[in-house]
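A.B. asks: For reference, the structure I am asking about is given below.
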Amino acid sequence: MSCTNDTHPQVLPFTALAQVLTPDGESTAAGERSLSAVHPPRMRLGTARKGYRGVIQELCATRVESALPATELESRLIELGFVEGARVEILHEGIIGRDPIAVRVDNVTIAVRRREAMAIIVA
C-alpha cells in the first residue's frame with residue numbers, strides 16, 4: 001500500500017514555472033500563485049483547523065499512529081464515507097488537545113480522532 005507523494009503530502013509534484021509576457025513586454029515568471037489556484041496544496045485532514053473545507057484526494061494510512069493496522073483503518077474510513085472526491089468540512093474541535101474533530105463528509109457529520117484523520121489526504 002503506497003501513497004502518492006507519501007513523504008511530503010503538502011508538496012505539489014509540479015514545480016516548473018511558466019514564462020509570461022506582461023503588457024509592457026517584460027518576461028515574468030507566473031508560477032505558484034496560478035498553480036495553487038488550479039492545484040490547491042494537499043494536506044492531512046488531521047492537521048486542519050476548525051472551518052477547513054476541502055475534497056478528499058486519497059487515503060494513506062501507512063504512516064499513521066493508530067491502534068488499527070493500516071488496511072483496517074482505511075476500510076473503516078471508507079465505510080464511514082471518507083472516499084475520494086467527497087467534500088469535507090471540520091465543524092468542531094474537542095476542548096482537550098483539539099481532539100476529536102467533528103467532520104461533515106458530504107451530508108453526514110462524523111466524529112473522528114485526529115490521529116486517524118491523518119490518513120485522509122485533502123486539498
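The values are calculated or read from the model by the stated rules, or taken from the named source; none is laboratory data. Fair warning: this is a prediction, and the values are worked out from it, not measured in the lab. So basically every Cβ, Gly included, is an ideal-geometry build from the backbone, and we count neighbours across all protein chains shown.
A.B. asks: Is it the case, given these coordinates, that residue 74 is modelled with pLDDT of 95 or more, of a type in the set (D, E, K, R), surrounded by 12 or more Cβ atoms within 10 Å (Cβ to Cβ) and under 14 Å from the mean Cα position of the chain (by Cα)?
C.D. replies: no
A.B. asks: Taking the stretch 77-100 on its own, how many of its residues are modelled with pLDDT under 90 and either surrounded by 12 or more Cβ atoms within 10 Å (Cβ to Cβ) or within 11 Å of residue 112 (Cα to Cα) (or both)?
C.D. replies: Number of matching residues: 2.
A.B. asks: Sort through 76, 98 and tell me the only one that's outside any strand (DSSP E or B), over 19 Å from residue 58 (Cβ atoms) and either in contact (Cβ under 8 Å) with a residue 60 or more places away in the chain or not β-branched (Val, Ile, Thr) (or both).
C.D. replies: Values: 76 fails: over 19 Å from residue 58 (Cβ atoms).
Going through 76, 98 in turn, the sole match is 98.
A.B. asks: Filtering the stretch 35-61 down to residues that are farther than 17 Å from residue 114 by Cα and among the small types (Gly, Ala, Ser), which residue is modelled with the highest pLDDT?
C.D. replies: That would be 37.
A.B. asks: Mind checking which residues of the stretch 51-61 are more than 13 Å from residue 110 (Cβ to Cβ) and surrounded by 15 or more Cβ atoms within 10 Å (Cβ to Cβ)?
C.D. replies: Here is the first cut: in the stretch 51-61, the residues more than 13 Å from residue 110 (Cβ to Cβ) are 51-55, 57-61.
Within the stretch 51-61, 52, 54, 57, 58, 59, 60, 61 qualify.
A.B. asks: Given the options 64, 11, name the one that is assigned to a loop (DSSP other than H, G, I, E, B), of a type in the set (Val, Ile, Thr), modelled with pLDDT under 95 and surrounded by 15 or more Cβ atoms within 10 Å (Cβ to Cβ).
C.D. replies: After applying the criteria, what remains is 64.
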